Protein chains: 2
Amino acid sequence: MTQTAAHTERRHSADHLVRRLADSARLRTGAGSVPDWLAERRRSGTFEVRRIPFAELRQWSFAPGSGNLVHDSGRFFSIEGLRVRRDGAADWVQPIIHQPETGILGILAKEIDGVLHFLMQAKMEPGNIGLFQLGPTVQATRSNYTKVHRGQGTRYLEHFIGQRRGRVLTDALQSEQGDSFLRKRNRNMVVETTEDVEEHPDHRWLTLGQINELLTVDNLVNMDARTVLSCLPLPFADGPDPSAARTTAPTDWEVLSWLTELKTRHERTMTRIPLSQVDGLRRSDDEIGPADGRRASVVAASVVAGNREVTSWTQPLLAARRQGLAALVVRRTEGGVEVLVQGLTQPGTFDTVELAPTVQCVTDGYTGLDDPPPFLDHVLGAPPERVRYTALLSEEGGRFHRRDNHYLVVEADDTFSRKLPPSHRWMPLHQLKRFIALGSHVDVEARTLVACLQSLPPEQGWA
Amino acid sequence: MTQTAAHTERRHSADHLVRRLADSARLRTGAGSVPDWLAERRRSGTFEVRRIPFAELRQWSFAPGSGNLVHDSGRFFSIEGLRVRRDGAADWVQPIIHQPETGILGILAKEIDGVLHFLMQAKMEPGNIGLFQLGPTVQATRSNYTKVHRGQGTRYLEHFIGQRRGRVLTDALQSEQGDSFLRKRNRNMVVETTEDVEEHPDHRWLTLGQINELLTVDNLVNMDARTVLSCLPLPFADGPDPSAARTTAPTDWEVLSWLTELKTRHERTMTRIPLSQVDGLRRSDDEIGPADGRRASVVAASVVAGNREVTSWTQPLLAARRQGLAALVVRRTEGGVEVLVQGLTQPGTFDTVELAPTVQCVTDGYTGLDDPPPFLDHVLGAPPERVRYTALLSEEGGRFHRRDNHYLVVEADDTFSRKLPPSHRWMPLHQLKRFIALGSHVDVEARTLVACLQSLPPEQGWA
C-alpha cells in the first residue's frame, strides 16, 4: 500500500467512526424501558444499604496513631488527611481519599444490525441514589483486573486487556473528584469488538442515542459511564480539525501555554498527613466531618447485595452536606460551538490545574458562599429558554453517599460579559474534546457536562 | 479578515517560524569564540568551588528527627528520603531532592539583520565541569521571579513574565531527572522580542547554527539550554503535520494508549520519608550515599563567586559515582526520520512513565550491570560510521556535582532487531517533538538527545 493510500484509509477510518457514532446517536427511541430494567434488576435480589456507626465496620478500622480509616488488607482505599501548602496562603488541611490504584472504566462497543451499540450495565453501588444506575460495561479496580489470570475476573474484562482486546477507540487516564481524591485517576476505554458477546441480565446493548436520552433523566447514568462517553470521538490528528478554520479560537499551544501559566501560578505542595492531625473536624460515633458543616464528611455503611449469591460488606463513604452545581456556558459562533472553561485547582488535582466548567461549586455547595465564583449568578439566573441542559447527576456511588450535583448547560446571552477573568477562556468544543482525549487535562465535572452537551438531539446543533 | 484568510495567515506564520529557524540553523560559523568567551568570563572574577564536610554548611543542616538536609529558610530544596511501593515488588527507598518550586528556563529570541538570534548566557553553576557553561537567557527559580515586582529581579526576566512579554514560541512544563528529583518540573520557554535588548557581558546573541555547533563540544551547552532548545519548533495543529503522511507510524492516539497501558502497568505509590529512614546508606562527615557505590551520593560544597560583588555560599550537591549513558537509535524511513523510544518509569517521574531514549543508564552507570537493558550492546558496539552524535554533556550544575553523561545517537543497522520489547517503539521524530511540546511526556535525557539530533548539520538530513 502506498503511503498516501494508507493515510487516506486511516482518515477515512477516523471519519467513518465519527459517522458511525452519529448514526448510533440518531437512534434515540427505546430508551424508555431502561429505568424499568434497572428497577427489575433491583427487585431481582436483595439489596440493602444502611448507615452504621464506625464501630460496626468489619475489616475497616481507624489505624492506631494516624487515625486513618484503613482496610485490614491494606488495599482498596484509605481515608487520610491532606495538607496543602501554597505560597503566601495559609495551610489547608482536609480529609482525603487515598486510592493509589488505577481502575478500568470500559465500554464495549459492537456493530449490531449495522449500528454501533454499547454494552451498558445495571450497576449497583452502595452510595447510589436508587441503588442501580446505568454504568459502563466494566468498572474494574486494579485488584479485579490483576487477578484475571487466576480465573476470577470481572465479566467482559477480557475485551479490555490482553490478547482478546478489540479495537481501541479511546484510552486515557482521567482524573476523578479533586476535592475528595488525592491524584486519583481511572483508565477510560471504549473498545470495539467483532466477536460474539453474550448479553448477561445485568447488561444491555444500547445505541448512543438511547444513552443520550437517558442522560436527561435525574440520577440515572452514572459518573463512570459519563466520563467514558465524554471521550468519544477522537478527531485529533487522525481526522480533520474543525477548529483549525476558526479565527478567534486559541490554538492548542496557546491553551497549553495558558494552562502552564496557571499551573505555575497555583503551584502547591500536598503532603499526606494522619487523619488525626486534621484540625476542625467534628467526630462522632457515625460521622467525621468539617465543623463548618459545608464540605463532605466520612460515614460508614453496611451493604447486603446479590441475587443468587448474597454477599454483605461494610465500608466507609463520603457524604456531601450540600448539593453542588457544575455549569457550562456555551455559545454558537461562525466556527462552531464554543464553551467557556476555567483553569481550576483542587487539593487532589493530579497536575495542579485542570480545565473545569464555567462554574464549579461542588465542594461547598453554591448557596450562601462568602465568595461566590464568577458567573454563578449568570447561570443560576438564566431564563428557561437559555437552559440547554439541566439534571441532577450522581457522583461515583462506590465512594460517595448519595452525592448528586446539579449539572447545567446555559447558552450565553447578548449581555454576557466579554471581559473574562484570567481564569476563564472560550474554547471550541472540539478543542476541549482533544484535551479530554489527551487525558488528565479536563476535570470529571467538565467531562460530565461535555457528555451532557453531546447528548442533546443532533438537530439542536450543539454537538 | 475572513476566517480562511486568518487561518492561512496563522499557518503561514507557523511555517514562517520553521523557515526562520532553518535560516538561523544554517549560520554555523563564528561559534568558535564562545569557549574563549566562557573562559574569559571565568577569569573576569573570582570563582571557586570546593567540597566541604557537612559540618561546614551554613544555613543548611540535618533537621532533628527526620535527618533531612534542609535550608534554614525552608526554601530552595531539601534532600529527603523516598519510598516507592509497587505491586508485587519489594519496597524501594532512596534519597531524593524535593524542590516543589517550578522555575523558568527561558531563551529570548530576536531577529538581528534578518536572522533569528538567541540570547545565551555564560552561566556559572557550582557543580559544572569547567564552572561556566552556555545556558539559556534566564534560569530563574520561583523565588527569583515572584520577587521581580519588588525590583530585584533576574536579568531579562521581564521578557518572560508580565506585560512586557514578547511572542511566546514555546511554553511547557518539563520534567527533570526522575532518578534524583521528586516530580520536579521547570517551565521551558522561548519568547521572541522586537524590543531593543541590551547585551550584558554575561550574555551573547547566537544563531541556532552556532549553538548547534557548540552542542558537539563536551560539557559546553548546559542542560537547561538543551531542554529549552528541544522544544523548538512547534508544528502541532498550527502547521502541516509531516508524520500524517507516514504509513507505519503510530497515530498520536496510539502512542497515548500505549503510554496509558505502561502507566497502568507501572503504577506505584511514592511516599516521602525521613532521610534517616533510608536504609543502606553509608554516612560519613562529607558524603552520604548508597553502600553499593553505584548511585549518586549527597555531598556539600563551598562556593565563592563574583566579579564586582563577590558572594559566597555553601550548598549540598548530588555527586554521581559513575558516568551514565543515554543513547537514541534512529533510522531513516520513506516518511522521514524515526527514533526508537522507550516508556520509562523512574522513582521521581511526574506522571509514572515518560518517553525516554532507547537506552538510558544514567542512574547506575552502564558498565557491569547485573541486568543490562535492551540495546545496550547495540549502541555501545556501533561502528563509528553509524554514530551520528557523541559527546559528554553535563547535567544541571546547581544540583549535581560534576555529573556528565555520555550522549549518543546511533543509526540502526540492517541487522537491527525488528521485534521490539513492549517497552520500546519507533516513532517519527516529528511526533516525538509534538509530545515534547505537550510538556511532561518526554524525559530530560530524551529531550537532550532530540536537541543533539537537531543540531546535526542540515545537509545530513536528520532534522
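Within region B:257-283, residues that are more than 14 Å from every other protein chain (Cβ to nearest Cβ) reach no partner that is of a type in the set (Asp, Glu) and surrounded by fewer than 15 Cβ atoms within 10 Å (Cβ to Cβ) with beta carbons closer than 6 Å at six or more positions or on different chains. For region B:77-89, the condition holds for at least one residue, the condition being that it is in contact with a helix residue (DSSP H, G or I) (Cβ under 6 Å, 6 or more places away or on another chain) and within 30 Å of residue A:75 (Cα to Cα). Looking across region B:47-72 at every residue that is of a type in the set (S, T, N, Q) and over 28 Å from the mean Cα position of the chain (by Cα), the one that is nearest to residue A:143 (Cα to Cα) is identified as B:66. On the stretch given as region B:346-364, residues that are within 14 Å of chain A (Cβ to nearest Cβ) and either over 14 Å from residue B:446 (Cβ atoms) or of a type outside the set (Ser, Thr, Tyr) (or both) total 5.
Out of the residues in region B:332-344 that are at pLDDT 95 or above and not aliphatic (A, V, I, L, M), which is farthest from residue A:101 (Cα to Cα)? Result: B:342. Here residue A:294 passes the criteria (1) within 14 Å of chain B (Cβ to nearest Cβ); (2) of a type in the set (Lys, Arg); (3) in contact with an Asp or Glu (Cβ under 6 Å, 6 or more places away or on another chain) except the one numbered (1). Looking only at region B:180-194, how many residues end up being more than 14 Å from chain A (Cβ to nearest Cβ), out of contact with any helix residue (DSSP H, G or I) (no Cβ under 8 Å at 6 or more places or on another chain) and more than 24 Å from residue B:398 (Cβ to Cβ)? Summing the residues that are more than 14 Å from chain A (Cβ to nearest Cβ), out of contact with any helix residue (DSSP H, G or I) (no Cβ under 8 Å at 6 or more places or on another chain) and more than 24 Å from residue B:398 (Cβ to Cβ) in region B:180-194 gives 1. Screening residue A:459 against (1) within 22 Å of the chain's Cα centre (by Cα); (2) outside any loop (DSSP other than H, G, I, E, B) leaves a single unmet condition, (1). Could you tell me whether residue A:107 is in contact (Cβ under 8 Å) with a residue 24 or more places away in the chain and surrounded by fewer than 17 Cβ atoms within 10 Å (Cβ to Cβ)? Against the criterion (in contact (Cβ under 8 Å) with a residue 24 or more places away in the chain and surrounded by fewer than 17 Cβ atoms within 10 Å (Cβ to Cβ)), residue A:107 does not qualify.
Residues in region A:219-256 that are away from every other protein chain (no Cβ under 11 Å) and modelled with pLDDT of 90 or more: 12 in all. In a residue-by-residue description of region B:437-450, the property of being part of a helix (DSSP H, G or I), surrounded by fewer than 21 Cβ atoms within 10 Å (Cβ to Cβ) and under 19 Å from the mean Cα position of the chain (by Cα) applies to at least one position. Per the listing B:415, B:367, B:390, the residue uniquely without any contact (Cβ under 8 Å) to a residue 40 or more places away in the chain, of a type in the set (S, T, N, Q) and either in a helix (DSSP H, G or I) or closer than 20 Å to residue B:325 by Cα (or both) is B:390.
Within region A:341-357, not a single residue is of a type outside the set (Asp, Glu), farther than 24 Å from residue A:425 by Cα and surrounded by fewer than 24 Cβ atoms within 10 Å (Cβ to Cβ). Among the residues of region B:393-412, just one is among the small types (Gly, Ala, Ser) and not in a loop (DSSP other than H, G, I, E, B), namely B:394. The set of residues in region B:73-129 that are under 22 Å from residue B:182 (Cα atoms), over 17 Å from the mean Cα position of the chain (by Cα), in a loop (DSSP other than H, G, I, E, B) and more than 14 Å from chain A (Cβ to nearest Cβ) comprises B:90, B:126.
Quick grid of which residues meet (1) crowded, with 22+ Cβ neighbours inside 10 Å; (2) out of contact with any Cys (no Cβ under 6 Å at 6 or more places or on another chain); (3) under 30 Å from residue A:257 (Cα atoms); (4) among the small types (Gly, Ala, Ser):
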| position | (1), (2), (3), (4) |
| --- | --- |
| A:367 | no, yes, no, no |
| A:374 | no, yes, yes, no |
| A:386 | no, yes, no, no |
| A:399 | yes, yes, no, no |
| A:426 | no, yes, yes, no |
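Taken as a whole, region B:345-355 holds at least one residue that is among the β-branched types (Val, Ile, Thr), within 28 Å of residue B:125 (Cα to Cα) and within 19 Å of the chain's Cα centre (by Cα). Within region B:43-50, identify whether any single residue is free of Cβ contacts under 8 Å to residues at least 40 places away in the same chain and either within 14 Å of chain A (Cβ to nearest Cβ) or in contact with a Gly (Cβ under 8 Å, 6 or more places away or on another chain) (or both), and answer yes or no. No, that holds for no residue.
Tell me, yes or no, whether region A:163-180 has at least one residue that is more than 30 Å from residue A:209 (Cβ to Cβ) and surrounded by fewer than 24 Cβ atoms within 10 Å (Cβ to Cβ). Yes, that holds for at least one residue. Of the strands (runs of 3 or more DSSP E) that lie entirely inside region A:165-213, not one contains 2 or more residues that are at pLDDT 95 or above and at positive phi. With a requirement of 2 or more residues that are hydroxyl-bearing (Ser, Thr, Tyr), the strands (runs of 3 or more DSSP E) lying completely within region B:284-331 that satisfy it span B:297-306, B:311-319. Being touching a residue at least 40 places away in the same chain (Cβ under 8 Å) and surrounded by 22 or more Cβ atoms within 10 Å (Cβ to Cβ) holds for only one residue in A:460, A:431, and it is A:431.
Can you find a residue in region B:105-121 that is under 30 Å from residue A:271 (Cα atoms) and modelled with pLDDT under 95? No, because not a single residue in region B:105-121 is under 30 Å from residue A:271 (Cα atoms) and modelled with pLDDT under 95.
Flag not set for residue B:328, criterion: out of contact with any helix residue (DSSP H, G or I) (no Cβ under 7 Å at 6 or more places or on another chain) and buried (at least 18 other Cβ atoms within 10 Å of the Cβ).
Annotation: residue B:286 fulfils all but one of (1) of a type in the set (Asp, Glu); (2) surrounded by 17 or more Cβ atoms within 10 Å (Cβ to Cβ); (3) away from chain A (no Cβ under 14 Å); the unmet one is (2).
Just one of (1) under 27 Å from residue B:392 (Cβ atoms); (2) small (Gly, Ala, Ser); (3) away from chain A (no Cβ under 14 Å) fails for residue B:175. It is (3). When you check residue B:381 against the structure, is it within 14 Å of chain A (Cβ to nearest Cβ), more than 22 Å from the chain's Cα centre (by Cα) and over 15 Å from residue B:178 (Cα atoms), yes or no? Against the criterion (within 14 Å of chain A (Cβ to nearest Cβ), more than 22 Å from the chain's Cα centre (by Cα) and over 15 Å from residue B:178 (Cα atoms)), residue B:381 does not qualify.
The values are calculated or read from the model by the stated rules, or taken from the named source; none is laboratory data. Computed from a predicted model, the values in this text were never measured in an experiment. Positions of Cβ are generated from backbone atoms using ideal geometry, with glycine treated the same way; all protein chains shown enter the neighbour counts.
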